[in-house]
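Notes follow once the structure below has been shown.
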Amino acid sequence: MLKIAVLVSGGGTNLQALIDAQNNGKLPGGVLSLVISSKKDAYALERAKKAGIPTKVLLRRDYATQQDYDEALLALLDQNQIGLIILAGFMTIISETVIRRYENQIINIHPSLIPSFCGPGYYGLKVHEAALRRGVKVTGATVHFVNEVCDGGPIILQKAVEILPGDTPETLQRRVMEQAEWQLLPKAAALFCQGRILVQDGQTIIKEE
Ligand code: GAR
């Protein structure tokens, strides 16, 4: 079984989607083994505890340098023999040191159709505010591998979601989560755990079952 660490900072609805998938036998080959939070009071920690998954709070401000923080994070991942890292609403930047150590083993969920509304400064509600401001008719979510370019790694899965008249950032965020994120993230995790995602020339190829 491939051990999975989920990194969170907030409500943890994407973590919940992963927990539900595991409970329904939809995460074959993988096991949720550790939840790391960048915030002490993240509700995601409660979800992990209820599901019996070990948790750890790792605060950047508790470490004098980025290198010290990286070492603490890497030690935690090593000790737990983690084979897949999932960023599920994790709001702390992962440094190149960690990315290089886990090349093509870190996946992130982003609440837009990359390359729209992504990159530095685009996270959480800000993404949906930008989509509404631009007046696009379709948005969605993307699961991708994490590389050294913010939101720039190989795309694994995407799903489109309609924007409706009268949408607010909040209603749009909820629809994108319900119709895209909570489906895509467990699906991508399962594909990874089954060894079905190949990376070639900056793109992914999904192997048939
Ligand atoms: C999700 O919408 C996720 O796509 C987004 O944060 C939210 C976390 O919600 N991530 C980003 O914006 C990353 N750039 P959750 O804590 O309920 O899963």
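Just so it is clear, none of the values below were taken in a lab; they were calculated from the coordinates. These numbers come from a predicted model, not from an experiment. Ideal geometry is used to build each Cβ from the backbone, glycine not excepted, and the neighbour counts take in all protein chains shown.
Of note:
- The stretch between LYS40 and SER116, if pulled fully straight at 0.36 nm per residue, gains 24.2 nm over its current Cα-Cα span.
- Gyration tensor (alpha-carbon) shape descriptor, the chain, a/c threshold 1.5: rounded
- Cα lying deepest toward the dipole's positive end in the range 5-80, options PRO54, GLN16, VAL31, charges on Cβ: GLN16
- FRET E, pair LEU132, GLN183, Förster distance 22 Å, beta-carbon r, rounded to 0.05: 0.45
- On Cα atoms only, tilt of 13-23 relative to the major axis of the chain in degrees: 70 degrees
- Summing Cβ point charges (Lys, Arg +1; Asp, Glu -1) relative to the Cα centre of the range 99-154 gives a dipole of roughly 160 debye.
- Summed residue charge, Cβ within 12 Å of LYS159's Cβ, Lys/Arg positive, Asp/Glu negative: -1
- Residue-averaged [θ]222 nm for the chain, counting only DSSP H segments that reach four residues, each worth -39500 (n - 2.57): -9500 deg cm²/dmol
- Under 28 Å of direct C-alpha separation, and excluding same-chain neighbours fewer than eight residues apart, LYS187 reaches these lysines: LYS3, LYS26, LYS39, LYS49, LYS50, LYS56, LYS126, LYS137, LYS159, LYS207.
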